[in-house]
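The values are calculated or read from the model by the stated rules, or taken from the named source; none is laboratory data. Being a predicted model, the structure only gives us computed values, none of them experimental. As a convention, Cβ positions derive from the backbone with ideal geometry for all residues, glycine included, and neighbour counts pool all protein chains shown.
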Amino acid sequence: MYLEHFGLKEPPFKITPVTDFFFPGANRAEILDALLYAISESEGIIKVTGEVGSGKTMLCRMLLERFPEKIEAVYLANPSLSREEMLYAIADGLSLNLEGQRVNIILKTLQNHLELKLAQGKRVVILVDEAHAMPLETMEELRLLYNLQIGNHKLLHIVLVGQPELNEKLSQPNMRQLKDRILHHFSMLPLSQNIIESYLLFRMRTAGYRGPSPFSVQAAALIGKASQGLMRRVNILADKSLLASFIANTHGVEVSHVQAAIRDTELGELSPAWWKNKKTIMASSVTLAAAIIIAGVAWLLGGMHAQQFNPATTVNAPGSQNTISTTALPTTSEIATTTSPTREQQDVNDGREAKLLMTPTLHSTPNNATAPVAEGAPVAAKPQITQSTKSENSAVPAVAATAAAQESLLEQRLAAARTKFPQSPAGSASIQLYYTDHVKPARIESFLKRADGQGVLKNIYVLPIKINGRNGYRVLYGIYANSEKARIGIRQLPQRFQDAFAPTIYLIDNSPAT
């Protein structure tokens, strides 16, 4: 009804999952890449949980669309099946006509088919959506199927996607054998308040809208609060708000239009009070196993980015003999040659930098003071000052100092990462504050200047990355001896960092390239 009024080609806020409307922000793109890597390269059952309407089914659709040719997927959209019904569904998904066959015949035929697929170099994946609704006996049958293997190779791989109730079901004593086989767990968090406006504009742009965001800042904030950050609810409220604006014959969505949409919508309460305790959920949203997978994919993507600018760099998947060398990371001048993004390409983290470090509440150390080193604090090399060093420093020409002053903070932090990461001991880790999927040196430079003013710049490192074919940056905090120290470091981050970001563990790959 309102499409022509707003210059739209199609409804922007349909609740039916359409992959063209997949939102890569709020770690969605990273979770998708990590899942693709885990399914393609590792073993063990994978579990993905999220609240109703958080985007789980959309993620499943994206997986099915992005699976490489070597992956043959069986998608179970309705897991409320008996043991026999599930076996028939899997057989149908593999194009096996076993209607009316006994269970033992089905199992034997499935095993033979899976062995054939393995011999052909293919992986068969069972993708179970709404897995929390699967009966316990059917889950147990799924575990038995997972046990099928030849030598050291599993014949079947399983991804369970469901609501938080799935965790409760797997915690039952009779489910411990299945739970022990879950090696990777990912959590789909609702959108935070500072992401809502970017999400709304992203959907509008995808539907063909051209122009400034029709949603006022206050309207977007009210949609975020009323929806509690769940994508489905955001879509419903945004759709009805656009309709209210159309009826009022305006081209902007204001608070009054959102209020009308809220009155016309029944929104129930979530089971966990995540909105009131966002910090706790953010801190625990990604388990160590998931962080490891994300770190592996991040280095793979970072290496691809480096390869684009340095063709001599060899990039291989984690676990192979050749690994990504951080010494091959490009400089800011090389990155700056790419095309600047338009407003609709703004990263969902835009605005976080603006909110961060605006007030002097962060812990900082004066230049003439020595900060105590706490347990789990970032590892920093102490310079050894000798008489010869002093002499050399005193002889540095003034022109060198001028050149250093002209070097941007972004270039400094990129150089610091290229220098310090390869020198870090094996097993070192860092804390990812956020990432961007576009290149905006001026924006990140402004963020780094504020960090410098608060005395925390020395702990910040920047890595160039490539996500979904777009160049961007990964912003990290500190270098820690291992992932456990990094986890402690997350809890010790300044409060404004914890409020503004969803920090995760980032494993440093400092293996030399061969």
>> Looking only at the range 419-444, how many residues end up being closer than 30 Å to Phe202 by Cβ and surrounded by fewer than 16 Cβ atoms within 10 Å (Cβ to Cβ)?
In response: 1
> Take the residues of the range 174-199 that are of a type in the set (Lys, Arg) and part of a helix (DSSP H, G or I): which is farthest from the chain's Cα centre (by Cα)?
Replying inline: Arg176
> Could you list, in sequence order, the residues of the range 178-192 that are over 12 Å from Ile46 (Cβ atoms) and in contact with a Gly (Cβ under 7 Å, 6 or more places away or on another chain)?
Replying inline: Ser187, Met188, Pro190, Leu191, Ser192
> So which residues in the range 1-28 are acidic (Asp, Glu) and either touching a residue at least 40 places away in the same chain (Cβ under 8 Å) or part of a loop (DSSP other than H, G, I, E, B) (or both)?
Replying inline: Glu10, Asp20
>> Based on this model, can you work out whether Lys485 counts as modelled with pLDDT of 80 or more, surrounded by fewer than 19 Cβ atoms within 10 Å (Cβ to Cβ) and within 18 Å of Phe421 (Cβ to Cβ)?
In response: no
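Residue by residue, here is whether (1) part of a helix (DSSP H, G or I); (2) at pLDDT below 95; (3) within 13 Å of the chain's Cα centre (by Cα) holds:
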residue: Glu30; (1), (2), (3): yes, yes, yes
residue: Leu36; (1), (2), (3): yes, yes, yes
residue: Ile39; (1), (2), (3): yes, yes, no
residue: Gly53; (1), (2), (3): no, yes, no
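On the given criteria, is Arg470 of a type in the set (Lys, Arg), assigned by TED's automatic domain parsing to the domain that holds Gln432 and closer than 17 Å to Arg443 by Cα?
It is true that Arg470 is of a type in the set (Lys, Arg), assigned by TED's automatic domain parsing to the domain that holds Gln432 and closer than 17 Å to Arg443 by Cα.
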>> When you scan the range 110-128, do you find a residue that is assigned to a loop (DSSP other than H, G, I, E, B) and either of a type in the set (S, T, N, Q) or crowded, with 20+ Cβ neighbours inside 10 Å (or both), even just one?
In response: yes
>> If I filter the range 134-142 for residues that are in a loop (DSSP other than H, G, I, E, B), out of contact with any Phe, Trp or Tyr (no Cβ under 8 Å at 6 or more places or on another chain) and either free of Cβ contacts under 8 Å to residues at least 12 places away in the same chain or of a type in the set (A, V, I, L, M, F, W, C) (or both), do I get at least one hit?
In response: yes
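Per-residue answers, yes or no, for (1) of a type outside the set (Gly, Ala, Ser); (2) in contact with a helix residue (DSSP H, G or I) (Cβ under 6 Å, 6 or more places away or on another chain); (3) farther than 23 Å from Pro17 by Cα; (4) assigned by TED's automatic domain parsing to the domain that holds Phe13:
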site: Ser42; (1), (2), (3), (4): no, no, yes, no
site: Glu51; (1), (2), (3), (4): yes, no, no, no
site: Thr109; (1), (2), (3), (4): yes, no, yes, no
site: Arg123; (1), (2), (3), (4): yes, no, yes, no
> Say we look at the range 143-167 and pick out the residues that are part of a helix (DSSP H, G or I), out of contact with any Leu (no Cβ under 7 Å at 6 or more places or on another chain) and in contact (Cβ under 8 Å) with a residue 12 or more places away in the chain; which of these is surrounded by the most Cβ atoms within 10 Å (Cβ to Cβ)?
Replying inline: Asn167
>> Looking for something modelled with pLDDT under 85, under 22 Å from Ala26 (Cα atoms) and part of a helix (DSSP H, G or I) - is there at least one such residue anywhere in the range 500-509?
In response: yes
> Is it the case that some residue within the range 60-77 is part of a loop (DSSP other than H, G, I, E, B) and under 26 Å from Glu168 (Cβ atoms)?
Replying inline: yes
> Do we have Ser95 as in a loop (DSSP other than H, G, I, E, B) and touching a helix residue (DSSP H, G or I) at 6+ places or on another chain (Cβ under 6 Å) here?
Replying inline: no
> Name the pairs whose Cβ atoms lie under 8 Å apart, with the first residue in the range 79-101 and not assigned by TED's automatic domain parsing to the domain that holds Asp129 and buried (at least 17 other Cβ atoms within 10 Å of the Cβ), the second assigned to a helix (DSSP H, G or I) and of a type in the set (A, V, I, L, M), and 6 or more positions between them or separate chains?
Replying inline: none
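If you take the residues in the range 445-471 that are touching a His at 6+ places or on another chain (Cβ under 7 Å) and over 16 Å from Arg418 (Cα atoms), which one is surrounded by the most Cβ atoms within 10 Å (Cβ to Cβ)?
By that ranking, first place goes to Asn471.
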